[in-house]
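In what follows, a single structure is set out as structure tokens and then discussed.
The values are calculated or read from the model by the stated rules, or taken from the named source; none is laboratory data. Quick caveat: nothing in here was measured; it's all calculated off a predicted structure. Please note: Cβ atoms are built from the backbone with ideal geometry, for glycine as well, and neighbour counts cover all protein chains shown.
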Amino acid sequence: MALKRLARDELWDIATTQHGFVTAQQAAEVGVGKQSLQMLVHRGTLERAVHGVYRFPQYPEGEHDRLALAVLWARVPEAALSHETALDAYGISDVNPNRIHLTVGKHRRFRRASGEDYVVHYETLNAKQIGWWQEIPTVTPATAIEQCIAYGTPTYLLRQAVERGHAQGHVKTAERDALADRLEGRHGR
């Protein structure tokens, strides 16, 4: 007879791929109900990070935890770091965003508690526009630059992103040329 795994172990497996975090929805998907989650919080096995997102306190804290938490805070599968946050994450621009930018699908409309540190953008992205950075869903560098052109990020920071992105191999030559044209065209309006 096979032994049933403990709820803590099921959630730990998920959390190890998400900087120590797990959502209530992910817990429900593996058969861990709200009551079991609350018991784990009460015992100190989990701590509440934000509404609907929990963290294993024994999981080592990392420098990118707040970015991982931002994506999970949205609690939608397509959420990804984007715009200036993605440029900063990839290290292709000296941009210094004061809030974390996330993109979710155009069809999403929500209000979440604890969202004052986030800027949520609504855009339907295709699979090729989303990659991974430090195990966190993040738009590709070229997509981030396109978003920032539309968002109004200063031109000198975007020129820097285009050139650094290309030099570091994140942006292909054809993408670099198209992005540079779009950036320069922004001023011709």
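Counting only helices (runs of 4 or more DSSP H) that fall entirely inside the range 80-186 and contain at least 1 residues that are on the phi > 0 side of the Ramachandran plot, the qualifying elements are 83-90.
For the range 51-60, name all the residues that are touching a strand residue (DSSP E or B) at 6+ places or on another chain (Cβ under 9 Å) and part of a loop (DSSP other than H, G, I, E, B). Explain how you work it out, then say what you get.
Filtering the range 51-60 down to residues touching a strand residue (DSSP E or B) at 6+ places or on another chain (Cβ under 9 Å) leaves 52-57, 59.
Matches in the range 51-60: G52, F56, P57, Y59.
If you go through the range 96-122 and keep only what is in contact (Cβ under 8 Å) with a residue 40 or more places away in the chain and surrounded by fewer than 20 Cβ atoms within 10 Å (Cβ to Cβ), you end up with R112, A113, S114, G115, D117, Y118.
Among the conditions (1) at pLDDT 95 or above; (2) surrounded by fewer than 21 Cβ atoms within 10 Å (Cβ to Cβ); (3) of a type in the set (G, A, S), G52 misses just one, which is (1).
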